[in-house]
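Structure, as structure tokens:
Any read-out appearing in this document is the output of simple, stated calculations on the displayed coordinates, not a laboratory observation. Only a predicted model underlies this, so the values are computations on that prediction, with no experimental measurement involved. We place every Cβ from the backbone using ideal geometry, glycine too, and count neighbours over all the protein chains shown.
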Amino acid sequence: MYTRIDIKITFRCNNKCDFCAQGHKRDIVTDRTLEQVHKDLTSAYANGSRDVVFTGGEPTMHPHIIDCVAMAKKLGYHRIQLQTNGRTFAYKGLLERLKAAGANEMGPSLHGAKPETHDGLTHAPGSFMQTVSGIKNAASLGMHIITNSVITSANYKELPALAALLVKLGVRQYQFAFVHIIGTALENKKWIVPRKSEIMPWVKKGLDVGIEKDVLCFTEAIPFCLMKGYEQCVAERIIPEGPVADGEKFIKSYGDYRRNEGKIKAPSCRPCRYFKICEGPWREYPELYGWKEFRPVPGKPVLRK
Ligand code: SF4
């Protein structure tokens, strides 16, 4: 099976989110040059990648974003995605140019069902309206839209309304990703991190919206033991495998990185039926709140396919 390369092409961003995992990289790390991007794309292609996701920061703030996309298309990449805050898609002309260059998947992020919630988290007044317009524009151009929303203390009660809004806007897939306590989120850890066990009723109601409407929906960084009845929505089962080009770092396998370094399971997880396929929470979560919420699930072991 082929893989997907994730290239962080710039850490510039027009939002300043309270949960940003990239922290202050925007002030330190320079844009990836077109030569670097070409090297990333050609070597990943030679190693079996056929999909690419341009991320950041905000990838559409890279001065040569159209060239990056066109380069991927010329090299033969199939799925060319932009993981973005979606604000610049309010300018339909840019979206049309990206589409003409070869972009075929859009990954905007919306973090609340109401402007005040989203804009409060992004510190960018008007960002909710721009991202919503961007999603509408992408839908009107027939683009495949996969959204991400970060779950925080400030927005978890809006997840069902947010899901309803995303479905109404025509997204094909949405994901609720639990805040990863690194970067700016680490600076805000005193208020931004809810208890996973407390948020689950809202998370599940948010998933019910997609399930009822046949829209794919997932959660990320919420282990199976908290997802009873919604195990099929655990995103770690479907996150594409592949490398990540991140500033000076090159991670050969994002999956291995998550399983071996980023996420963690407790010794008490061993008897759990999901032990073999569960990645556990990002390791910073139990450092903050401990392991009490994660209770091994009894039953026949579930094995990796
Ligand atoms: S392995 Fe641990 S974290 Fe994963 S589902 Fe089981 S108890 Fe929860």
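Mind checking which residues of segment 37-51 are in contact (Cβ under 8 Å) with a residue 40 or more places away in the chain and either in a loop (DSSP other than H, G, I, E, B) or charged (D, E, K, R) (or both)?
ASP40, ASN47, GLY48, ARG50, ASP51
I want to confirm something. Restricting to segment 190-223 and keeping residues that are within 12 Å of the ligand (Cβ to nearest atom) and assigned to a helix (DSSP H, G or I), which single residue is surrounded by the most Cβ atoms within 10 Å (Cβ to Cβ)?
Step one: list which residues in segment 190-223 are within 12 Å of the ligand (Cβ to nearest atom), which gives 196-197, 221-223.
Then drop every residue that is not assigned to a helix (DSSP H, G or I), which leaves 196-197.
Working: LYS196: 22, SER197: 14.
Checked segment 190-223; the qualifying residue surrounded by the most Cβ atoms within 10 Å (Cβ to Cβ) is LYS196.
Identify, from the list PRO281, PRO286, the residue that is within 14 Å of the ligand (Cβ to nearest atom) and more than 16 Å from the chain's Cα centre (by Cα).
PRO286
Is there a residue being within 16 Å of the ligand (Cβ to nearest atom), aliphatic (A, V, I, L, M) and either within 19 Å of the chain's Cα centre (by Cα) or surrounded by fewer than 15 Cβ atoms within 10 Å (Cβ to Cβ) (or both) anywhere in segment 224-231? Give the steps one after another, and end with the answer.
So in segment 224-231, the residues within 16 Å of the ligand (Cβ to nearest atom) come out as 224-231.
Retained after the next criterion (residues that are aliphatic (A, V, I, L, M)): 226-227.
Cutting the leftovers down to either within 19 Å of the chain's Cα centre (by Cα) or surrounded by fewer than 15 Cβ atoms within 10 Å (Cβ to Cβ) (or both) gives us 227.
For segment 224-231, residues within 16 Å of the ligand (Cβ to nearest atom), aliphatic (A, V, I, L, M) and either within 19 Å of the chain's Cα centre (by Cα) or surrounded by fewer than 15 Cβ atoms within 10 Å (Cβ to Cβ) (or both): present.
For residues that are part of a loop (DSSP other than H, G, I, E, B) and of a type in the set (Lys, Arg), tally how many sit in segment 70-84. I'd like the intermediate steps shown before the answer.
Kept after step one, since they are part of a loop (DSSP other than H, G, I, E, B), are these residues of segment 70-84: 76-79.
Imposing the further condition that a residue be of a type in the set (Lys, Arg) reduces the set to 79.
The total comes to 1.
Checking GLY142 against (1) out of contact with any strand residue (DSSP E or B) (no Cβ under 7 Å at 6 or more places or on another chain); (2) farther than 22 Å from TYR285 by Cα; (3) surrounded by 23 or more Cβ atoms within 10 Å (Cβ to Cβ), which test does it fail?
(3)
Of the residues that make up segment 83-101, is at least one surrounded by 24 or more Cβ atoms within 10 Å (Cβ to Cβ) and within 24 Å of LYS249 (Cα to Cα)?
Initial filter on segment 83-101 (surrounded by 24 or more Cβ atoms within 10 Å (Cβ to Cβ)): 84-87, 89, 98.
Okay, now just the ones that are also within 24 Å of LYS249 (Cα to Cα), so 84-85.
Yes, there is a match, as at least one residue in segment 83-101 is surrounded by 24 or more Cβ atoms within 10 Å (Cβ to Cβ) and within 24 Å of LYS249 (Cα to Cα).
Please go through segment 157-167 and give me each residue that is surrounded by fewer than 23 Cβ atoms within 10 Å (Cβ to Cβ) and within 15 Å of LYS196 (Cβ to Cβ), ordered by number. Explain how you work it out, then say what you get.
Initially, segment 157-167 is screened for residues surrounded by fewer than 23 Cβ atoms within 10 Å (Cβ to Cβ), giving 157-158, 160-161, 164-165, 167.
Result: LYS157, single match.
Restricted to segment 241-272, and to residues that are within 12 Å of the ligand (Cβ to nearest atom), in a loop (DSSP other than H, G, I, E, B) and farther than 14 Å from ALA221 by Cα, which residue is nearest to the chain's Cα centre (by Cα)? Full working, then the answer.
In the first step, residues of segment 241-272 are kept if they are within 12 Å of the ligand (Cβ to nearest atom); the result is 259, 263-272.
Going one step further and asking which of them are in a loop (DSSP other than H, G, I, E, B), we end up with 264-266, 270-272.
Of the ones still in play, those that are also farther than 14 Å from ALA221 by Cα are 266, 270-272.
Numbers: ALA266: 25, ARG270: 28, PRO271: 30, CYS272: 27 Å.
Looking at residues that are within 12 Å of the ligand (Cβ to nearest atom), in a loop (DSSP other than H, G, I, E, B) and farther than 14 Å from ALA221 by Cα, I get ALA266.
Here is a list of conditions, (1) surrounded by 15 or more Cβ atoms within 10 Å (Cβ to Cβ); (2) more than 13 Å from the ligand (Cβ to nearest atom), and PHE275 meets all of them except one; can you say which number that is?
It fails just one condition, (2).
Looking only at segment 1-54, which residues are among the hydroxyl-bearing types (Ser, Thr, Tyr) and buried (at least 22 other Cβ atoms within 10 Å of the Cβ)?
Looking only at segment 1-54, we keep the residues that are among the hydroxyl-bearing types (Ser, Thr, Tyr), and these are 2-3, 10, 30, 33, 42-43, 45, 49.
Residues satisfying the conditions are THR10, SER49.
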